[in-house]
Structures are given as structure tokens and as C-alpha cells.
Amino acid sequence: MVTYSINPWMDPAKPVDLPLAMTQWEDLRDRYRALGHTVELLEPLPGLPDMVYAANGATVVDGRVLLARFAHPEREGEAAAHHDWFRSAGYASVHEPAHINEGEGDFAVTSSYVLAGRGFRSSPLSHGEAQEFFGRPVIGLDLVDPRYYHLDTALSVLDDATDDVMYYPGAFSPGSRAVLARLFPDALRATERDAAFLGLNAVSDGRHVLLPQAAVGLFEPLRDRGYEPIGMDLGELLKGGGSVKCCTQELRS
Ligand code: ARG
């Protein structure tokens, strides 16, 4: 249910088909399991409809957990639920952030860098905090289009071992575009059309790339690069401004 609006995709007047949303989410979960991945589940809490976008709750690198601190009061309550989950799962190194960061919504991890979005949600100060905690270079990237308010709506890591990424240049400031072109000269650049279906909100295990099925223009280029694209229909989740990646937090050991 969309009960408030904190991004341009969210319209509380537009109905959400709840059973369909549930089926779409279950399909995603089942697909991960069918591919051999382990899926942990976080119990939803009443009054926190955006909790389904689990990517925003934390960032885990080398088994170390940087918790989130949400920009909007509507989502503040989610942080404690993620904290509790990591505590009971036995994670030893869990950092409570001083600065606003929306987890993997704005942090993307490659073998060389942590890429970090700013401009709409995560504070630029959180980038320094992440660099200090993870001991990895953090590259700040400026987001300029409100439709792409989180980094993970505009950029996706395809292979974290080879630093292969795809992104939509139009979501970034000219300087950040230049930084991306310098760091990732061979990146797959998405068109505006594919970005507008949240085609960049994808999850890759280095071989399979799960992405919104409507982003049809990305399938062939992904195949050409040796990936197996898997189209998912998360149309009801799109009404909250999220898709595959938003619903998925990666636990990197
Ligand atoms: N309605 C949510 C918000 O605006 C969507 C979050 C999507 N998650 C993401 N990782 N981009 O905060």
C-alpha cells in the first residue's frame, strides 16, 4: 500500500494490488532460491510499508554491517528492525551511523570501490563514514534527477570481481558522469527508456542478472557481455519506486 509519497513514483491515490504485489515478491524470492542463493527474510512491521525495500536497511561488506539512518521520518522505524536482525544473526561488527545513509539504496560495492550516491537521500558525510568503517575507497556520485533518487535506481554492479557496471548517465551530474566514464570506460550505458522502467535496479550474481522485464533494451547487451538476463515482473512494487534491487539486500561475507 502506498500511504505517503517520498519519491516521484509514489502516488497514494493509485491503488496497489496487494495479492499481486505479494506474488511478485514471492516470485523474486523463489527465483533467488532456484538459482542456489540463500534468502534470509525480515519480518514486515505494521505501519512501515516501505520495509519491502530491504536494500535500504544496511550495507554489508566483508561481513561488517553499516546500518542505515533514514532521511524521511516515515521510514525511520525500519532501521531498528534491521539492527535487531543483524544482532540475532550474530554479526559481530555492526556500526550505528552518525550520518544519514539509506543502505544499499545509495551504496554499491565493486572489488575496487564503494560507489556512493548523494543528492536526494544519503548525506555526503555518510561517504566518509562508510570509507572509515569499510576501509575501502568511497567514490561520491551526485544524483540530479528526482526519479533516480537512490544510486541503485541508476547504477548496478554486474560483476563485482571485474568491476563491471551498468548505469544511466542522465541520472548523474556532468562531473559524476566523467568520474564514471573514467573508472568504468567499458560500462554498459542504459537508455532513458530502460532506466525509466527501473532497468538499472537489478541484482547480479556475476552470471545471472535479475532485472525488471520491461527494460527490454538491456537484455541483448547483457547477453553480449556473457550474462544471463532474467526478467522479473515487479510492477506493483514499482508503484513505491522500487524493483528487484530495492527488494534485495546483499549479505557480503
Ligand atoms: N518508497 C521507497 C522510498 O522512497 C522506495 C525505496 C526503494 N529502494 C531502493 N533501494 N531504491 O524510500
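Each reported figure results from applying straightforward, stated rules to the coordinates on display, with no laboratory input. Quantities reported herein were computed from a predicted structural model and do not represent experimental measurements. Glycine gets a Cβ as well: all are built from the backbone with ideal geometry, and neighbour counts include every protein chain shown.
A few comments on the model shown:
- As a ratio to 2.2 N^0.38 Å, the alpha-carbon radius of gyration for the range 90-177 is 1.06.
- Cα-based Rg / Dmax (Å) for the chain: 16.7, 45
- Note on the range 134-192 and the range 195-241: Cα centroid distance 16 Å, given to the nearest whole angstrom.
- Förster radius 45 Å - calculated FRET efficiency between residue 27 and residue 132, Cβ distance, rounded to 0.05: 0.70
- Estimated at 0.36 nm per residue, the fully extended path between residue 207 and residue 112 surpasses their Cα-Cα distance by 32.3 nm.
- Stretch gain in nm, segment residue 13-residue 220, where the contour uses 0.36 nm per residue and the Cα spacing is subtracted: 70.9 nm
- Cα centroid separation - the range 72-109 against the range 21-59, whole Å: 15 Å
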